[in-house]
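Participant: Mind looking over this structure? Questions follow.
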Amino acid sequence: MNSTILQTPFIATHPGEMLKDELKERDMTQKQLAEFAGIPASVISEIIHGKRSLSKTVALALEKTLGIPAEIWMNMQTQYELDSAAIAQRDGGSEVVSVTIPRRDRTLLRELSRKFGWACVL
């Protein structure tokens with residue numbers, strides 16, 4: 001068996017997840033972080049929701065504001081990209097899509113997941 005397959009995570013963790021957790025621990029809002037770091041609030045929101053990559057400029061601003069080295073932020077972004085690519089390769093190039101659905105439709109999503117073999121995290 002290929003060792004790369006064994007090392008490929010089930011899901012890739014976007015650096016926005018850590019940023020979200022960090023804000024929660026510091027009891028800080030996205031808007032406050034945006035103001036302190038001099039980053040548009042929309043950029044912070046997109047990073048937290050995994051819709052935007054974390055750039056070097058943002059990593060440096062986060063380092064200055066939160067005290068977490070820019071190198072750590074950039075390493076997380078790189079690891080996310082590598083994991084995403086490895087997952088896509090492992091899954092035969094299938095695409096990973098993140099969607100938000102109303103709670104009332106989750107039962108239907110579970111049924112479709114089973115029928116078509118989709119992997120879902122609810």
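The values are calculated or read from the model by the stated rules, or taken from the named source; none is laboratory data. Keep in mind it's a predicted model, so treat the numbers as computed, not measured. Reconstructed Cβ throughout: ideal geometry from the backbone, glycine too, with neighbour counts over all protein chains shown.
Participant: Please state which of the following conditions GLY50 fails to meet, knowing it meets all the rest: (1) loosely packed, with under 15 Cβ neighbours inside 10 Å; (2) part of a loop (DSSP other than H, G, I, E, B).
Facilitator: Unmet condition: (1).
Participant: Spot the failing condition for ALA12; the list is (1) surrounded by 18 or more Cβ atoms within 10 Å (Cβ to Cβ); (2) at pLDDT below 95; (3) not basic (Lys, Arg); (4) not in a loop (DSSP other than H, G, I, E, B), and only one is missed.
Facilitator: Evaluating ALA12 over (1) surrounded by 18 or more Cβ atoms within 10 Å (Cβ to Cβ); (2) at pLDDT below 95; (3) not basic (Lys, Arg); (4) not in a loop (DSSP other than H, G, I, E, B) leaves (4) as the failure.
Participant: In addition: Yes or no: THR4 at pLDDT 95 or above, of a type in the set (S, T, N, Q), at negative phi and loosely packed, with under 14 Cβ neighbours inside 10 Å?
Facilitator: no
Participant: A follow-up question, please. Which of the residues belonging to region 71-116 are at pLDDT 70 or above, surrounded by 10 or more Cβ atoms within 10 Å (Cβ to Cβ) and hydroxyl-bearing (Ser, Thr, Tyr)?
Facilitator: Matches in region 71-116: THR78, TYR80, SER84, SER113.
Participant: Take ILE68 and decide whether it is at negative phi, at pLDDT 90 or above, of a type outside the set (Ser, Thr, Tyr) and assigned to a loop (DSSP other than H, G, I, E, B). Can you show your working first?
Facilitator: Working: at negative phi: yes; at pLDDT 90 or above: yes; of a type outside the set (Ser, Thr, Tyr): yes; assigned to a loop (DSSP other than H, G, I, E, B): yes.
Considered against the rule, which asks whether it is at negative phi, at pLDDT 90 or above, of a type outside the set (Ser, Thr, Tyr) and assigned to a loop (DSSP other than H, G, I, E, B), ILE68 comes out as yes.
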